[in-house]
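First the structure, in the form of structure tokens, and then the observations on it.
Bear in mind these aren't lab numbers, they're just calculated from the coordinates by the rules spelled out. Predicted model only: the values in this text are computed from it and were never measured. Note that we place each Cβ from the backbone using ideal geometry, even for glycine, and neighbour counts take in every protein chain shown.
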Amino acid sequence: MIDRDAVESGGAGREERGERALAPAGPYRVVVVASPESVAWKFAFEHGTGVLVLDPMRVSDAVLLGPLQPPTEGRTAMPRWAVYDCAEVPGAVISLLREPLDSPFEKPLDPLAFVLATPHAESGAWHLSCLTVRGADGSDGPDGPDGPDEPEDALQLRMVEAAMEVLRAAWVTMILPWGSLLLDRLAEREGVEVLAARSLLHGPEPAATVQLWGTQAAEGGAESVPTFRVAAERGELSTMLDRLEAMLEEGSRYLLAPPPHDDPAGAEGVRFVLCEVVP
Amino acid sequence: MSDQRHERVPPRMLLERLEPFVVAPGWRFDRLDMEPLGVSVDPAHRFDILRAASGRFLDRLVQLDRLTFGAVGMSMPEWLFNDVSALPGVIAGLGVRARTLPAELLTRLGFEARSDALVPLSMFIAVPARPPAAWFGHNLASLNRLLPELHLRGLAGVTKALGLRVMRCTEQLGATQWESKALHVHTRFGPLELLTAWTPAHSEPATLTYRLRITDTGIADVLHSRRRCAPNADTFWMDTQGHEAMRALQRRIEQGERFAIVGPPAHDADGGTRIPVVRLAPDLPGPSV
């Protein structure tokens, strides 16, 4: 059984030994927006390692932050003050830039993707929100150096993994619509637990609250058995979420897993499965 | 001064009339202080953000936020109550059972609640800034001004004190506008060290970012409506409309100088408002009362 406190202390120790369990940011440059006094304790990088650090509390840096803002209108709008109060100062905004690693930083910044990170009350744990992928013209959707070979959900996963790396995260939480293709990507990854079937105040499309463990924590992981199959067809989703919600509130725990290719019923039409953790 | 009238009924008495609540993930409750300021948080009022049963109370918190900040266009989008509030951090506040309020009042405020359900009258929201002791407060809502008939004077300060204790917070960061009335509340806790004086990264550049050391003395001052923090001979005054002075102060902060707000906003002879600020010695660990 995965224990939150045990992982919390284990995460710090792992980093002290210089071990990195997660994938790097790939071919992209990284920008981190964070207050200076927090950089020393939060992040897994040193100055001058290809990471640009911007301080939201300095006027000269603050004027560069426009391209790293989530939408301020629409259902998932986030006002500018909330980005400052909930991410930039207490946590971070982490971005992958479109420009390749061997080029100098350009101004204005041209982000390929970014995500907001807010610390949890448990050390080493973070909540990621406003995961955004931008097109070359500033529109939603990817158009990076890898072009169409790297679809949006792949970039989203790369952004999440890069954020976990930078943050030295023992675990992170995210809230994702059940229709998000990122969930399918996450199912291929070890150690993704569903904490809530329907996240509060995230209507009308149902959204899951998930917890992503650092790879080492997941490897120590728990035995689990397939219980729910999430179909590509959305008709059955509501019924399944009712059952899942009830089971979670009774104390059962579920991990995301890819479709079982050896399932007699066949993997076709199944996006991923939820495996109940054996107590 | 009207402060003398406040002292007739110390704000701490609100803790005897109102019931505390806490919203967070269920796993976090064990590490929070569920008996803050001598009152106990009823297990029924510990709302797990991951449970569907908490949904109706969360809806009431959204309504409380709209009632408090909607008029100035600063209410929070609903999803932020989960993503950057209760899930990583804590929402704490005070409320009353619906049956104790007139039905007309509940209708007027837009609260839907069974008679025994808790109706929130205030809340303080913070997320960790450096776990476990430093937190960033981003929402302090109170219906005091909207409900004068309930005699809730001092509710915002008591709610913030309660929340800080629930979080076991020893250092609080926050951002507020120079012209915000909330500075009356925040400065009761002690001096506010300025981390920014002009903040282009915020929605409103005329915003200050502060750091506040949380002490037993500061909490007691809030509960008893005392004000220890006060201007002195070294004080200079910042006009709440003086943007050029804010920029100049920001430049000095960025060059390493340290400043603190040492008292509440004061009205000047021209009808404007000004804030008392002092320069701190560079080697001080932080401003103290």
- Note on the structure: Which residues qualify? For A:ALA207, with a placed amide H closer than 5 Å and at least 5 residues away or on another chain, they are A:TRP178, A:SER199
- Measure nothing but the geometry: give the 0 to 90° angle between the long axis through the Cα atoms of B:243-254 and the longest principal axis through the Cα atoms of chain B, rounded to 10°. 80 degrees
- When the label point is put 7 Å from the Cα of B:ASP270 along its Cα-to-beta-carbon vector, which residues of segment B:231-263 have a backbone N closer than 16 Å? B:237-246
- Residues meeting the amide H criterion for B:LEU280 (H placed from the backbone, H to H distance under 5 Å, 5 or more places apart or on another chain) are B:ARG258, B:PHE259, B:ALA260
- So, counting K/R as plus one and D/E as minus one, what does the shell of residues with Cβ under 13 Å around B:PRO282 add up to? 0
- Note on the structure: Averaged over the residues of A:122-131, the number of partner chain Cβ atoms within 10 Å of each residue's own Cβ comes to 4
- Rank by packing, highest mean first: peptides B:189-201, B:234-246, A:155-167, with packing defined as the count of other Cβ atoms within 10 Å averaged across residues. B:189-201, A:155-167, B:234-246
- Message: What does the C-alpha gyration tensor say about the overall shape of segment B:69-121? Classify as rounded when a/c is under 1.5, otherwise prolate if a/b is larger than b/c, or oblate.
- Response: oblate
- Item | 3J(HN,Hα) from dihedral phi, segment B:87-103, Karplus parametrisation 6.51/-1.76/1.60, rounded to Hz, x for glycine, proline | 6, x, x, 8, 10, 10, x, 10, x, 9, 5, 4, 5, 8, 10, x, 4
- Per the C-alpha gyration tensor (a ≥ b ≥ c, the square roots of its eigenvalues), segment B:1-90 is rounded if a/c is under 1.5, else prolate if a/b beats b/c, else oblate; here it's oblate
- Note on the structure: Under the 7 Å Cα-to-Cβ spin-label approximation, A:GLU250 and A:GLU223 lie apart by a distance in nanometres of 2.1 nm
- Message: Angle check, please: helix B:155-166 long axis (alpha carbons) against the longest principal axis of chain B (alpha carbons), in degrees 0 to 90, nearest 10.
- Response: 80 degrees
- Note on the structure: Env charge @ B:ASP116, Cβ radius under 12 Å, K,R +1 / D,E -1, value +1
- Label-to-label distance, nm, for residues given as A:ARG75 and B:ARG279 (7 Å Cα→Cβ offset): 5.5 nm
- So what's the back-of-envelope 222 nm ellipticity for chain B, counting only DSSP H runs of four-plus at -39500 (n - 2.57) apiece and dividing by all residues, rounded to 500? -6500 deg cm²/dmol
- Query: Once the other residues with Cβ under 12 Å from the Cβ of B:LEU146 are scored (Lys, Arg +1; Asp, Glu -1), what is the net sum?
  - Reply: +2
- Task: Enumerate the calculated ³J(HN,Hα) couplings along segment A:270-279 in order (Karplus 6.51 cos²θ - 1.76 cosθ + 1.60, θ = phi - 60°), each rounded to whole Hz, writing x wherever the residue is Gly or Pro.
- Result: 9, 6, 6, 10, 10, 9, 6, 6, 6, x
- Query: Taking a ≥ b ≥ c as the square roots of the eigenvalues of the Cα gyration tensor of segment B:3-156, is the shape rounded (a/c under 1.5), prolate (a/b larger than b/c) or oblate?
  - Reply: rounded
- Message: Between B:ARG99 and B:ASP33, how high is the FRET efficiency from 1/(1 + (r/R0)^6) when r is the Cβ-Cβ distance and R₀ = 25 Å? Nearest 0.05.
- Response: 0.30
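Treating only the Cβ of Lys, Arg, Asp and Glu as charged (+1, +1, -1, -1), what charge dipole size does segment B:175-263 show about its Cα centre? Round to the nearest 20 debye.
240 debye
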- Query: HN-Hα J couplings of segment B:275-280 from phi, Karplus 6.51/-1.76/1.60, θ = phi - 60°, integer Hz, Gly and Pro as x?
  - Reply: 10, x, 10, 10, 8, 9
- Please order B:THR187, B:THR217 by the number of other Cβ within 10 Å, starting at the fewest. B:THR217, B:THR187
- If you average the sequence gap of Cα pairs under 8 Å that are 6 or more apart and divide by the length of chain B, what percent do you get for the contact order? 16 percent
- Query: Near the amide H of B:ALA129, under 5 Å away, which other amide H atoms are found, from residues 5 or more places off or on another chain, if H is placed in the peptide plane?
  - Reply: B:ALA134, B:TRP135, B:PHE136
- Message: If I model a spin label as a point 7 Å beyond the Cα along the Cα-Cβ vector, how far apart are those points for B:SER40 and B:VAL9 in nm?
- Response: 2.7 nm
- Task: Report the calculated FRET efficiency for B:THR217 and A:GLU233 (r = Cβ-Cβ distance, R0 = 51 Å), to the nearest 0.05.
- Result: 0.25
